[in-house]
Amino acid sequence: FTAVNRVDDFAYIPQQNIGHAMTTFIAQNKGAGKKERIRRGFQSGIGIELVYGLILLVLMYFGAEKIMGLFTSQEDAQVVALGRSYLHLVSWMYILPAITNGIQGFFRGMGDLKVTLYSTFMNMLGRVVAVFVMLRLLHMDFASLAWANMIGWIVMLLFEIPLLVKSLRNGEC
C-alpha cells in the first residue's frame, strides 16, 4: 500500500497543480469581469487535465512494474505483483481525479468554496463507506482500495457536475 500510495501521490500532484492554476486564472478573470475568458480558461484547463489523465493511464498501465521498482525492491515479487495489479486497475481511473481537480479549480476561482468543501467531504465519505463494504462485507482484497477511490471520485462528480452546469447556464461565467 505504501509503495502504490507514493505512486498515486506523484500522479496526483500535477493534476492538483493544474487545478490550482485554473483557480488563479479564473479568479483573476472574475475580478476583471471577463466571463468569456473564464469559460475558455476552464475549457482549456479541463483539456489539459484530460490529456494528463490519459498520459497517466498509458504510463501507469504499461510501466507499472518498472514504476513499482522505483519504490520497492524488485526481489520482493509479491509486493511488485500487488502494486502492478493495483496500478493496472487504477490507471483507468486517473481521468476521474483529473476532472474533479479541474472542477474544483473552477469553483475555488469563482469563490464558491462551499462546493469544494462539501464535494471533498463527500469524496472521503464515499471512499470510507465503499472500502468498508468491500473489505468487510464483500471480502475483497487489496483492489478494494482502488475501487473505493473510484467510488469517491464518482460521488464527488455527481455532486459537482450539476452545480457546474448550473453555474455555466446561469451565465456566471
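Here are the numbers:
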| read-out | value |
| --- | --- |
| Cα-projected label distance for S85 with N5, points at 7 Å along beta-carbon direction, nm | 2.0 |
| Highest to lowest packing among 112-124, 45-57, scored as the average C-beta count within 10 Å | 45-57, 112-124 |
| Exposure ranking of M68, M150 by accessible area [1.4 Å probe, largest first] | M150, M68 |
| Potential lengthening between L168 and L125 on full extension [0.36 nm per residue; Cα-Cα distance subtracted] | 12.8 nm |
| Between segment 29-59 and segment 83-105, the alpha-carbon center distance in angstrom | 17 |
| Protein-only accessible surface order, largest first, of E160, E36 at 1.4 Å | E36, E160 |
| Net +/- balance of residues flanking M122 in space, Cβ distance below 14 Å, scoring K and R +1, D and E -1 | +1 |
| For volume of the Cα convex hull per residue in Å³, calculated from these coordinates, the label among (1) 153; (2) 125; (3) 96 | (3) |
| Relative contact order of segment 1-85, pairs being alpha-carbon contacts under 8 Å that are 6 or more residues apart, as % | 34 |
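The values are calculated or read from the model by the stated rules, or taken from the named source; none is laboratory data. Note that the coordinates shown come from a computational prediction; the quantities given were computed from them, not determined experimentally. For neighbour counting, all protein chains shown are included, and Cβ atoms are generated from backbone atoms with ideal geometry for every residue, glycine included. Note: areas computed on protein heavy atoms with side chains; ligands, DNA, RNA excluded. Shrake-Rupley method; radii C 1.70, N 1.55, O 1.52, S 1.80 Å.
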